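Chemist: After the structure tokens below, expect a handful of questions from me.
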Amino acid sequence: MTPSHPQASLILASASPRRRRILADLGAHFTVKIPDVTEVAFPNDPAGTARENAARKHAWCRARNPHAPIITADTVLDFDGRMLGKPDSLPAAKSMLRALAGRTHTVCTAVALAATEIPVMHLCQSTVTFRELTDAEIENYVRLVNPLDKAGAYDIADHGELLIASHNGSTTNIMGLSIELVRPWLLANALLDTPNRPLKNSIRVSNSHAQPSDSRTCWDGPVPPGPSA
């Protein structure tokens, strides 16, 4: 498929440095816009929260860029059916990490991809199991990593080995943008200069306990039904 707009018009509407790194390492040419939107938080609907926020970011960016290809995304955690987003303080971050210790949670990233005016919404999910953690280990992690701009207060690519026992599904989805989803879309819309470019180390996170990606880790269109807000 031939895009109606040049490669340079691709917009990543996100403040996340991890999403920027993933796109750059894939070889995409893009500009960054940071949406000025009020994000929602549905305590009992993590997937719905991510989807609504990704849609709001897209609408903000589309209103100002009516013809550009746009990528927007939002990542939250589903922890026992409850939504966990970014902590608002260091004590809150430590509390999140204590709650996640020794447990398994699901990372939900909603991604709106729009080659033209109409976006297609996707939901990608990966599961992460934390090690048992002592207070000293949590203190060490938040000393090494800023937890305040990260859903769940952690980043798998930034000293994640200190926290994580294993994960299943897309590693880059846990970082905030699944390459398994985005790369085929970029290729289909001729938004990559080098289609066969090898992945860089920053998006090839090694984890000896990682399990293969499940073929159902991403859904197109409507998000599978979940609990109401």
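No lab work stands behind these numbers, since they all come straight from the coordinates. Everything numeric in this text was worked out from a predicted model, so none of it was measured. All Cβ positions, even for glycine, are placed from backbone atoms using ideal geometry, and neighbour counts span all protein chains on display.
Chemist: Taking amide H positions as placed 1.01 Å from N in the peptide plane, with prolines and chain starts having none, which residues 5 or more places from Ser166, or on another chain, fall under 5 Å of its amide H?
Modeler: Thr129
Chemist: For the charge dipole of region 7-194, defined by +1 on Lys and Arg C-beta atoms and -1 on Asp and Glu C-beta atoms about the Cα centroid, which residue among Met83, Leu123, Met96 has the Cα displaced farthest towards the positive pole?
Modeler: Value computed over the given set: Leu123.
Chemist: Considering only Gly152, Asn168, Pro184, whose Cα is most displaced toward the positive end of the charge dipole of region 118-200, charges sitting on Cβ of Lys, Arg (+1) and Asp, Glu (-1)?
Modeler: The listed residue farthest towards the positive side: Pro184.
Chemist: Another one. Relative to the present Cα-Cα distance, how much length would full extension add between Arg82 and Ala190 at 0.36 nm per residue of separation?
Modeler: Value of the extension gain: 35.0 nm.
Chemist: For Tyr154, Tyr141, what ranking results if the residue with the fewest other Cβ atoms within 10 Å of its Cβ goes first?
Modeler: Arranged by neighbour count, lowest to highest, Tyr154, Tyr141 become Tyr141, Tyr154.
Chemist: While we're looking at this one, here's another question. What order do you get for Ile164, Ile70 when you list them from fewest to most C-beta neighbours inside 10 Å?
Modeler: Ile164, Ile70
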